[in-house]
Amino acid sequence: MRILGISSMFHDAAVCVVEDGEIQFAAHAERYSRSKNDAFINKDLIGEALAHGVPDVIVFHEKSWAKRLRNRLAGNKHSLQEPTAQQWIEDFYPELRGIKQVQYWHHETHAAAGVLTSGWDECAVLVIDAIGEFDTTTIWDWKGGKLKKKWGKRYPTSLGLFYSAITHHVGLKPMEDEYILMGMAAYGKPLYTDLLDKCYFKSPTKVDCKVNLQRGIPADEFGSLRAKAVELEEPDEWGHYSIDYDIAASAQQLIERKIHLLGELAKKKTGHDKLVFQGGVALNCVANSNLHQTFDKTWIMPNPGDAGSALGAAVLHYYNTMGQICQWRGPYLGTNIPGKYPVKTALRALIKGEIFGIANGRAEYGPRALGNRSLCADPRGNEIKDRMNVIKRRQKFRPFAPMILEEHVNDYFEMPGELTYAPYMQYVARCKHPEQFPAIVHADGTSRVQTVNAKDHPELHDLLTQWYEYSGCPMIVNTSLNIKGQPIVNNAREAIEFTHHYNIPVYTHDPRN
C-alpha cells in the first residue's frame, strides 16, 4: 500500500509518502516554492512525491467539513470562500484525481505523528497548537495499541493563539516568528505575567481557562505603558522597545506555567510516566525542558507542528488499515543531495576559522537543520555569533545552537532530566562553561542542544570526532542554511546560489580522492 499524506491550506504545507510500512519521503512545500511557510502544496513538491509512485490513497491531516463549520459559526466569511484541500487537488492536480481520499481529525494526526514514531507501547499524549477544526488542546492515552482522547479544550481557548497574539503585539509576524519571541524573552523581565494571565485567562491556577482573544493586548493596561516607552526611548535597530522584551518574557513565563499544568493533568488523566508532546507549541524548547520535572521520558517528533501532520496522517492510516507501525529512522526524509558527506572539507574550514555551509544527503523534515542543511562554525570565537547573525540578516539577540558528540554532552551542559540523547534540538540546557563557547550560549546562559551519535548520523559524528581530536572541542555551531525570511536551502543548485549570493562557501560533498 502506498499512501500520500497531505497537510495544507493553513500554513507550512507538507506531504509524506508511506509505502508498505516504510516512510519513503516527507518534505515542506516552502522548500520548493521558496515562499516561507507556504500554505499550499505545489507542482515540484507533488512531482517529487510521485517519483515514489502513484498513491493508492490520499490522506489529509484534518476534516475539511468540520473546519468550514467552525469558520461558519465564527462568521469568518473570507475563509468560507477558500477551497478545501480536496478541492485544491481536484482543481490543480489531475494526476491525483480519482484516487481514494480519507480525512482524520487535526489533533488525531498530531497525536499519531508522535506516538507512532516514539517506539513506546504506552504513554500520555499532549497536543497544543493554535487551532484544529475546533480543538486547541487535547490529552490522549496511548495503550494497548489504541489512541483514546481523554480531555480537550476548544476555540477560542488557545495557548497557541495567545502566543501568536503576543508575537504580533511586539512587532513580529504571527504564525512564523514565535521562535523569535522565545529568544526575545531572555532579554526582558517578566513584569507583566500576572497581568497577562488576568487579561487572557479565566484562572491562573487551572488549565480549564478561557482565553479572551478578542481583546488582544488590553489597551488600558499596556497602551499607556508602550506609549510612554515610545516617548522616552529610541527603538533598537529592529524597532523594539524595552517593554516589548518584558512582554515577551512575561508571555514566555506564562506559557511555561500553563504547559506545566497541562503536563500534570496529562499524567493524572492517563497515569503514564512517559509523554509525547505534539502541536506547534511543542517547538517551545524552554517549556519542553520543564516537562522533565513531571515525566520520566518525553518524546517530541522533530516536526511537531502542522507540517508534521502530513506524516501523522499517513502513518495513522497505515496503522488503522494494516495494523502495523511504520519504521521511524529519523527526520532525513526530503530532497537528496548526493555525494560523500563533506567531512574533510568541513574539517579544513573549521581549522581555518571559517563560517561555512553543509548541504548534503536528504533534507531534514522539520523546521530545524540537523547537519544536512546547516551553517556551521567553531563555537569558541568571540565574534562568531555576531558574524553569523549578520550573514543571516537577523536580530543580534538570536542565539545559535551547538551540535555536540553525545558522549560528551554532560561534560558541557546541564541537560534536563539528565538526558544524553537529544538529537533534534528540542530542549535547552545550561552551559557549564559559557565563557569558552560564546557563540552557542544565549543571554540566559542556556543552549538549544543537539546531540550526535554514530548510529543516527555516522558522517556528522565522524566530523565532530575528528574536530574534537584536533581541537579538544566536541561541538560546532549549527544553524539553518538560510537567510531570515527565506526557506532552508533544499537542493544542490540552491546551495551553489547561496555561495554566490552571500559569499559563504557551502560544501555539498567531499572530493572522491
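The values are calculated or read from the model by the stated rules, or taken from the named source; none is laboratory data. Nothing here was measured: the structure is a model prediction, and the numbers come from that model. FYI the Cβ positions are ideal-geometry reconstructions off the backbone, even for glycines, and counts take in every protein chain you see. To get the accessible areas, we keep the full protein, side chains included, count just its heavy atoms, and leave off ligands, DNA and RNA. Shrake-Rupley method; radii C 1.70, N 1.55, O 1.52, S 1.80 Å.
The length gained by stretching the chain between R97 and Y421 to full extension, at 0.36 nm per residue less their Cα-Cα distance, is 112.3 nm. A simple rule links phi to the HN-Hα coupling: the Karplus curve 6.51 cos²θ - 1.76 cosθ + 1.60 with θ = phi - 60°, which for the range 324-341 gives 10, 8, 5, 7, 8, 10, x, x, 8, 10, x, 4, 9, 10, x, x, 5, 3 Hz, with x for Gly and Pro.
The range 328-386 and the range 68-136 have Cα centres spaced 33 Å apart.
Between the amide H of W299 and those of L275, V276, F277, distances stay under 5 Å, these residues lying 5 or more places away or on another chain, with hydrogens modeled in the peptide plane.
For the chain, the relative contact order is 16 percent, taking Cα pairs closer than 8 Å that sit 6 or more residues apart in sequence and dividing their mean separation by the residue count. Put a plus charge on the Cβ of each Lys and Arg, a minus charge on the Cβ of each Asp and Glu, and nothing anywhere else: the dipole of the chain about its Cα centre is then about 860 debye. Across the range 279-285, computed HN-Hα scalar couplings (Karplus, 6.51 cos²θ - 1.76 cosθ + 1.60, θ = phi - 60°) run x, x, 5, 6, 8, 7, 4 Hz from first to last residue, x flagging Gly and Pro. Taking amide H as placed 1.01 Å from N in the peptide plane, the amide H of T137 sits under 5 Å from that of K153, each at least 5 places away or on another chain.
Taking Cα centre as origin and charging only the Cβ of basic (Lys, Arg, +1) and acidic (Asp, Glu, -1) residues, the dipole magnitude of the range 223-296 rounds to 720 debye.
Past 18 Å, Cα to Cα, is the threshold; run K173/K484; K100/K146; K143/K258; K198/K268 against it and keep the listed order. Check vs 18 Å cut-off fails for K100/K146; K143/K258; K198/K268.
Sparsely packed loop sites in the range 408-485 (the trypsin sites (Lys or Arg not before Pro) outside DSSP H, G, I, E and B with at most 11 other Cβ atoms within 10 Å) comprise K455. Surface composition of the range 36-156: carbon and sulfur atoms hold 50% of the protein heavy-atom accessible area at a 1.4 Å probe. Over the range 423-488, accessible surface divided per residue gives 36 Å², non-protein components excluded, 1.4 Å probe. Peptides 22-31, 268-277, 97-106, ordered by how many other C-beta atoms sit within 10 Å of their residues on average, highest first, read 22-31, 268-277, 97-106. Toward the positive end of the charge dipole of the chain, with +1 on the Cβ of Lys and Arg and -1 on the Cβ of Asp and Glu, the farthest Cα among Y421, A359, A249 is that of A249. When all alpha carbon pairs of the chain are counted in 10 Å bins from zero, the resulting P(r) reads 4, 19, 29, 28, 16, 4, 0 %.
Qualifying GluC sites (Glu not before Pro) in the range 373-412, where qualification requires a DSSP coil assignment and no more than 15 other C-beta atoms within 10 Å, comprise E383.
Summing charges over all other residues whose Cβ lies under 11 Å from the Cβ of A307, with Lys and Arg as +1 and Asp and Glu as -1, gives -3.
From the Kirkwood radius over Cα pairs of the range 1-100, Stokes-Einstein at 37 °C and 0.692 mPa s returns a whole-number translational diffusion coefficient of 232 µm²/s.
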